[in-house]
Amino acid sequence: MVDEGQPDGIEVHPSHAAEVGGLPVRRALPWHGRRTVGAWCFVDHFGPVGADRAETMQVGPHPHIGLQTVTWLLEGEVLHTDSLGSEQLIRPGQLNLMTAGAGIAHAESAQQGGTGSHGAQLWVALPDDTRGGPPAFEHHAELPRVELGGATATVLVGELAGVRSTARADTPLVGADIVVRPGRTVAPLQAGWEHAIVVLRGAVAVGERLLEPGSLAHLDVGREELVLEATDAARLLLLGGAPFGVEPLIWWNFVGRTRDEVARARDDWQAGRERFGSVRSHLERIPAPEVPW
Ligand code: MN
């Protein structure tokens, strides 16, 4: 069920089931008809999966172009290695932000040992002036927090309620994790931006809409604040940004603009060219599928 053109300016779309490296995910973005929210172009929510379960994220070396990957955990630990030589364990409350630029490769391996697995992986499309640039990796062990009355927000990227993350953002963007307490919370928004809510735990009402895990609520531009109401504790991601302007071409692990460019990246990965470097990992390199055009 898709709500389109609703008078409250909110479109709620169900996530679809997908799988990443053996882990089932709820893919909240993209969907047919909506490729981006600001520059956010990919949103996977995985877990919670108990520590006793076999499903964990084990993603062997694979390439990216034209995007940033954002890794955010609520439970569990994941080891990131990449072709820049980075080797970084990420824990709940920390941010891994990888900028692919013209090309990078990485692997992600959930660490075994008594913890469950719960989190989100997101992609940000890079603008034309940096998407062909050098790759980079940032780990933020500490992120700024801001009280919103009935909630505590951790600012991953961009700025919320006057508090800014130092994470790199190449376009006007916000990404925040909001822990909502029972009651009412008001979060300020940028009126010229579009926003999205992805509930990670519990349930939150926005106006007449009750939002739960397994969907993405898109909020049209023109909104100066977001009113969240909860009867029990809940947790959500707030994503937003200036409308991206162009529709990126997303295929496999690549974000580009043209088929030629994406097909070239695919060939470079398959041929093992220097563009994507090499990644230290005990996991197997992931081959690219054939391009469908
Ligand atoms: Mn990746």
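The values are calculated or read from the model by the stated rules, or taken from the named source; none is laboratory data. On a predicted model such as this, the values are computed, not experimentally measured, just so you know. A quick note on method: Cβ atoms are made from the backbone with ideal geometry, for glycine too, and the neighbour counts reach across all protein chains shown. SASA here: full protein model, heavy atoms, side chains in, ligands and nucleic acids out. Shrake-Rupley method; radii C 1.70, N 1.55, O 1.52, S 1.80 Å.
Figure note: Arg285, Arg223 ranked by solvent-accessible area, largest first, 1.4 Å probe, ligands and nucleic acids not counted: Arg285, Arg223.
Compute, for the stretch 56-174, the length of the dipole vector about the Cα centre, with Cβ point charges of +1 (Lys, Arg) and -1 (Asp, Glu) only. Units Debye, rounded to 20. List each step's numbers first, then the result.
On the way: 5 positive and 12 negative charges, 17 e Å.
Rounded to the nearest 20 debye, it is 80 debye.
Where in the stretch 235-275 does the label zone of Leu210 land, with the point 7 angstrom along Cα→C-beta and an amide N cut-off under 15 Å? Answer for the stretch 235-275: none.
For the chain, the longest principal axis of the Cα atoms and the long axis of helix 259-270 meet at an angle of about 60 degrees.
Taking every C-alpha pair closer than 8 Å and separated by at least 6 residues, the mean separation divided by the residue count of the stretch 248-293 gives a relative contact order of 29 percent.
Quick one: compute the contact order of the chain, relative version, from alpha carbon pairs under 8 angstrom and 6+ residues apart, as a percent. Before the final figure, lay out each step's value.
On the way: 800 pairs, mean separation 59.7, N = 293.
Computed value for the chain: 20 percent relative contact order.
Label-to-label distance for Arg168 and Glu138 is 0.8 nm, based on points extended 7 Å past Cα in the beta-carbon direction. Can you give the local net charge around Val49? Use residues other than it whose beta-carbon is closer than 11 angstrom to its beta-carbon, Lys and Arg +1, Asp and Glu -1. With Lys, Arg at +1 and Asp, Glu at -1, the neighbours total -2. Pop out the carbon and sulfur fraction of the accessible area of the stretch 100-177 as a percent, whole number, probe 1.4 Å. It is 49 percent, rounded to a whole number.
Of the residues Gly93, Pro30, Val49, the one whose Cα sits farthest toward the positive end of the charge dipole of the stretch 1-94, with +1 on the Cβ of Lys and Arg and -1 on the Cβ of Asp and Glu, is Pro30. A dipole drawn for the chain from +1 and -1 charges on Cβ atoms has a positive end, and of Pro182, Gly277, Leu148 the residue lying farthest that way is Gly277. Of the whole protein surface, Phe137 contributes about 50 Å² of accessible area at a 1.4 Å probe radius.
To the nearest 20 debye, what charge dipole does the chain have about its Cα centre, counting +1 at the Cβ of each Lys and Arg and -1 at the Cβ of each Asp and Glu?
Details: 24 positive and 37 negative charges, 70 e Å.
For this selection, approximately 340 debye.
Could you grab the relative contact order for the stretch 93-230? Cα pairs under 8 Å, six or more apart, rounded to a whole percent.
Values: 247 pairs, mean separation 26.7, N = 138.
Dividing the mean separation by the residue count of the stretch 93-230 yields 19 percent.
Around Gly9, under 10 Å between beta carbons, what's the net of Lys plus Arg minus Asp minus Glu among the other residues? Mind dumping the intermediate values first?
Working: positive: Arg223; negative: Asp8, Glu11, Glu194, Asp220.
After counting each charged neighbour, the total is -3.
A cut-off under 13 angstrom between Cβ atoms defines the neighbours of Ala191, and their net charge, with Lys, Arg +1 and Asp, Glu -1, is -3. Converting phi to 3J(HN,Hα) with the Karplus coefficients 6.51, -1.76 and 1.60 and the offset θ = phi - 60°, the stretch 148-165 yields 10, x, x, 7, 10, 9, 9, 8, 7, 9, x, 10, 9, 6, x, 10, 10, 7 Hz in sequence order, with x at every glycine or proline. Dividing the helix sum by the residues of the chain, where each DSSP H run of 4 or more adds -39500 (n - 2.57), gives a mean residue ellipticity at 222 nm of -1500 deg cm²/dmol.
First measure r as the distance between the Cβ atoms of Ala161 and Ala18, then evaluate 1/(1 + (r/R0)^6) with R0 = 45 Å and state the FRET efficiency to the nearest 0.05. Please report the intermediate quantities before stating the final value.
Numbers: r = 33 Å, r/R0 = 0.73.
For R0 = 45 Å, the calculated efficiency reads 0.85.
In this structure the chain gives 43 Å² per residue of accessible area when probed at 1.4 Å with all protein chains present.
The share of Cα pairs per 5 Å bin across the stretch 195-248, counted from zero up to the longest distance, runs 4, 18, 30, 23, 13, 8, 3, 1 percent.
Rounded to the nearest 10 square angstrom, Arg257 shows an accessible area of 60 square angstrom against a 1.4 Å probe. Using only side-chain charges placed at the Cβ, +1 for Lys and Arg and -1 for Asp and Glu, the dipole size of the stretch 1-120 relative to its Cα centre rounds to 160 debye. Computed over the chain with a Gaussian network model linking Cα atoms closer than 10 Å, the most mobile of Leu67, Leu79, Leu97 is Leu79.
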